[in-house]
Amino acid sequence: MKVLVIGSGAREHAIVDALMADDSVTEVVAAPGNAGIAQIVVTHPVDVTDATSVADLTREVGPDLVVIGPEVPLVAGAADAVRELGVACFGPSAAAAQLEGSKAFAKQVMAEAGVPTAMAHVCTTVDEVAAAMDQFGAPFVIKDDGLAAGKGVVVTSDREEALAHARTCLSRDNDAQVVVEEFLDGQEVSLFAVTDGTTVIPLQPAQDFKRVGEGDTGPNTGGMGAYSPLPWAPAGLVEEVTARVMQPMVDAMRHRGTPFVGLLYGGLAMTSRGVRVIEFNARFGDPETQVVLANLRTPLGQLLMAAATGHLDQMPTLAWQSGYAVTVVIAAEGYPAAPRTGDVIGGLEDAADQVNVDIFHAGTSVTDSGEITSSGGRVLSVTAHGETLARAREHAYAAVDLIRLEGSHHRRDIGAAAAEEG
């Protein structure tokens, strides 16, 4: 089959790479892609924010399956536009993608489905936010209701910082709202589940690192690294979350008349009171995708096509490689506030030659002279596999240290605590 992948990040690079390893996939095309993706498949320009643009490209390329990576085109209805052409699409409809597009909507569906989550108030004024903060107490959790590229959440004990974030979110437009939640303690877990709207198949759990600084300090980002699987996870965690969270959500969306077809991503907190949902995303997470797909041995194209066509119940049990995967994000100077772009990236070939290492591009482009330069905040995801988590970290950081990007920064503690415990 021929597959069109929509998106331009390291997540899409990892998806393209995994699809190319599937013998049932004869061709992969990407749009708009990036410098790394363009080295291995044909890329096309596309406006990912415009569903019509995605549909027009689909008509032009003629794929058997379209895989939509980012949340923006999903919320904009790109999957609906593709399906109207009669083409199989892995990605939820605009209505179903509201599980990510609106945190208030997700809370409503969770309540209907009986899914455990944090207590919350949806607020439309700063006074309402202040009252909710007084009810829950510090640390304060303030979430922009809409899409914010992973950076719309502030968790702080500083009351003024929390209120300032709420004001910023509420000033966006007249319909803006924020969600104020109780703080959830405990380790965080990311769990992906592939679904055709009825059947749910979970993938291996991962843990990502949202804060920009080591020791989980500084502002939230789109993600600075991840590892998978989780050596400290209790036995039966995936089965419990699938039964208590993922399947009930998929069932609730189907009963609403808006079946969720694609990748349901649960952000979870392992609290002292049990598993609680922090949030849902409607697509593969970045950077968790890089590590989860690194260990997946079941052909990805066959899995995604089965979900897109309603035949997921016919898939055999997923096969996984032994060991662990770690990804470390190299970010541009100034990220996440004001990333600098246009800097030449050196050492990529040497880094890619390291044992068990893959370099997935995110914010990269190519100059007329053929140099690869930075073009976004998160520039590269350096991903490595090892039989132990400690060995995977060694491989990843050995490659990271070979890459040259002026002013760049990365975290040195991705997976460190779990590796020490293991």
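A single member of Thr258, Thr289 is among the polar types (S, T, N, Q), farther than 22 Å from Asp358 by Cα and buried (at least 18 other Cβ atoms within 10 Å of the Cβ), and it is Thr258. Does Val61 satisfy being over 19 Å from Gly285 (Cβ atoms), among the hydrophobic types (A, V, I, L, M, F, W, C) and surrounded by fewer than 22 Cβ atoms within 10 Å (Cβ to Cβ)? When the stated conditions are applied, Val61 passes them. The conditions of being among the hydroxyl-bearing types (Ser, Thr, Tyr), farther than 12 Å from Leu99 by Cβ, at pLDDT 95 or above and in a strand (DSSP E or B) are not met by Tyr265. Give me the residue from region 1-14 that is over 20 Å from Ala55 (Cβ atoms) and either touching a strand residue (DSSP E or B) at 6+ places or on another chain (Cβ under 6 Å) or not basic (Lys, Arg) (or both) and, out of that set, surrounded by the fewest Cβ atoms within 10 Å (Cβ to Cβ). Of everything passing the filter in region 1-14, Gly9 is surrounded by the fewest Cβ atoms within 10 Å (Cβ to Cβ).
State the number of residues belonging to region 56-89 that are touching a residue at least 60 places away in the same chain (Cβ under 8 Å) and charged (D, E, K, R).
The qualifying residues number 2.
In region 22-55, the qualifying residues are those that are without any contact (Cβ under 8 Å) to a residue 24 or more places away in the chain and of a type outside the set (D, E, K, R), and the one that is farthest from Val66 (Cα to Cα) is Gln39.
Just one of the listed residues (Ser102, Ser157, Ser93) is in contact (Cβ under 8 Å) with a residue 60 or more places away in the chain and of a type in the set (S, T, N, Q), namely Ser93. Residue check: Ile37 meets all listed conditions (1) within 20 Å of His361 (Cβ to Cβ); (2) aliphatic (A, V, I, L, M); (3) in contact with a Leu (Cβ under 8 Å, 6 or more places away or on another chain); (4) part of a helix (DSSP H, G or I) but one, namely (3).
The values are calculated or read from the model by the stated rules, or taken from the named source; none is laboratory data. Every value quoted in this text rests on a predicted model; they were computed, and no experiment measured them. We place every Cβ from the backbone using ideal geometry, glycine too, and count neighbours over all the protein chains shown.
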